[in-house]
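A quick write-up on the structure given underneath.
Quick note: the coordinates plus some simple rules give every number you see, no bench work behind them. Predicted model only: the values in this text are computed from it and were never measured. Every residue, glycine among them, receives a Cβ derived from its backbone with ideal geometry; neighbour counts consider all protein chains shown.
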There are 2 protein chains.
Amino acid sequence: MARPVTRATVTSLGIIAGGGDLPRAIAESVRESGRPICVVALLGSADPWVEAYPHVWASMGEVNKINSFLRGESCSEVLLAGNVARPKWSELKFDTRGAMRLPGTVAAALKGDDALLRHVVSFFETDGFRVVGAAEAAPGMVAREGTFGRHQPSPQDSADIARAFAIVRRLGELDVGQAAAVCSGLTLAVEAAEGTDAMVARIAALPEHVRGTPAKRRGVLVKAPKPIQDRKTDLPVIGVQTLRNIAAAGLAGVAVEAGGALIVDRKAVIAAADELGLFVIGSAPAP
Amino acid sequence: MARPVTRATVTSLGIIAGGGDLPRAIAESVRESGRPICVVALLGSADPWVEAYPHVWASMGEVNKINSFLRGESCSEVLLAGNVARPKWSELKFDTRGAMRLPGTVAAALKGDDALLRHVVSFFETDGFRVVGAAEAAPGMVAREGTFGRHQPSPQDSADIARAFAIVRRLGELDVGQAAAVCSGLTLAVEAAEGTDAMVARIAALPEHVRGTPAKRRGVLVKAPKPIQDRKTDLPVIGVQTLRNIAAAGLAGVAVEAGGALIVDRKAVIAAADELGLFVIGSAPAP
């Protein structure tokens, strides 16, 4: 009778990596915890840091290729992270298995970003992988409650934070976006398909008396997850660049939902907040 | 015993005019109906067309001046229309009566655009004027149900219209904005302080595969009033420029709430819709 194959008690984590700093930061955080990782680098989206890990470059449509790589790495858990441009179907690479799944994927994509992400997650689950979120795999990156750094929101900032959370949650129920900016009660900007960076950048084009300026900061950015979303994917993220953007837009700080947002490079974020004179706060989720 | 002063059966309508085509179109529509009008032209906002009517140039803070002018014109009903930049309090002109009202006005302005407008309306009412909406004074400008011009929304457009109405109503409950754009289920843009024109303009900056193009139009703009708003003020408006903007952004058409939006220069709007290949539709309000 053959002995069962020996398994490592900690299996490798497969990171399905889109673009940006988030998948890199997750990979570093997981590796620091001692767990092995491997990376599926999405063609056209992932950045060169993936070369430092066991990896394969693949299109989201190359399902057999992705599965073979992950199984070869003894990986049974996967994590999706990073920016992925909405696929242009006519340019996407498919293998046979990916092509069979295409009609359902197109249908899901038409329903919105979250429907698309839930659909991709369901594929991995169908193929026998456990899909984990960044909050589980890299708990040190999750925003905790309270302020980061030495700056605190003013009473007006706190009122604006409460209003912006109400707006983001209402929008999130409709799968519209995860961010809003409010200044002295006025909603400066709301995020849809353009993303948070573009949303923050346009605040500087509003009339100067309704917003803050880099010299006299006013108003807040709030990011919170959509109530409908699968928290295994697409949690809101802030990092040093977020802080640079909001400082340039004249905002006074940023609030995220404690337990419902990721902070990339926490130490660098705290240093940037202190240097730029911004508050960064994790707020308890709505009851 | 003195006889009462004779009153004309149709009193003059006082138009408190901000910028843009809307107050001009209302003035023309009311004059065509045979009713006399006079205009309070808001300094820094109103356009030169006001010179064709009995008028006074005034700041919103010059309450005595405005009241005296309106009473001198035997005007007991007023209508507020047009774009008014949010006041920069330090530059606003006040007379004594206006100055006494300033603290309340600042407080209202901090609560949002609609709170500010309701506050200004309440001033005129306190001073004995009846405030009427454009829908009452110029009923011919109100969008009716059905399509304008010869183009019809496709089934996909109709689905996008329904989704965009749901978003606009949700946002309106929070006094955020009156407009959203949706394309094949994806929310392209949502209006906040930037206004509809800027919102539509940024759609062209999104990746081309998520939106339409002038060569291949996709997606819809929806405008609807905020459920919380006083319909005497600030109904959503569309005109020829709106159509030119959405054509340039690659959208297929625009839907407004029937009975809850104004169309400036209806004949010109229909001609522009037909020429640009856009649909324009008034949709029944949600039950």
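Modelled spin-label separation between B:Glu51 and A:Arg144, with each label point placed 7 Å from Cα along the Cα-to-Cβ direction: 6.8 nm.
A Förster radius of 45 Å, combined with the Cβ-Cβ distance separating B:Thr213 from A:Ala286, puts the computed FRET efficiency at roughly 0.70.
For a paramagnetic label modelled on A:Arg244 (point 7 Å from Cα along Cα→Cβ), amide N atoms under 14 Å away are absent within the stretch A:62-85. Per-residue mean of foreign Cβ neighbours for A:167-176 is 5 (Cβ atoms of other chains, 10 Å radius). The peptide list A:274-280, A:177-183, B:161-167, put in order of mean Cβ contacts within 10 Å with the highest first, becomes A:177-183, B:161-167, A:274-280. Pairs spanning more than 27 Å between alpha-carbon atoms, out of A:Lys93/A:Lys226; A:Lys226/B:Lys226; A:Lys226/B:Lys216; A:Lys216/B:Lys223; A:Lys226/B:Lys223; B:Lys223/B:Lys267: A:Lys93/A:Lys226; A:Lys226/B:Lys216; A:Lys216/B:Lys223.
Counts of other chain beta carbons within 10 angstrom of each beta carbon in peptide A:153-163 average 1.
Its Cα gyration tensor gives the stretch A:190-287 an equivalent ellipsoid, and the semi-axes of that ellipsoid, as √(5λ) in whole Å with the largest first, are 22, 16, 12. Distances between equivalent label points of B:Arg31 across the copies, with each point positioned 7 Å along Cα→Cβ, amount to 7.4 nm, shortest listed first.
Take A:151-160, A:21-30 and order them by the average number of nearby Cβ atoms within 10 Å per residue, most first; the result is A:21-30, A:151-160. The calculated FRET efficiency for A:Arg71 paired with B:Arg97, based on their beta-carbon distance and R0 = 60 Å, is about 0.15. Per-residue shielding of A:197-209, expressed as the average number of other chain Cβ atoms within 10 Å of the residue Cβ, stands at 3.
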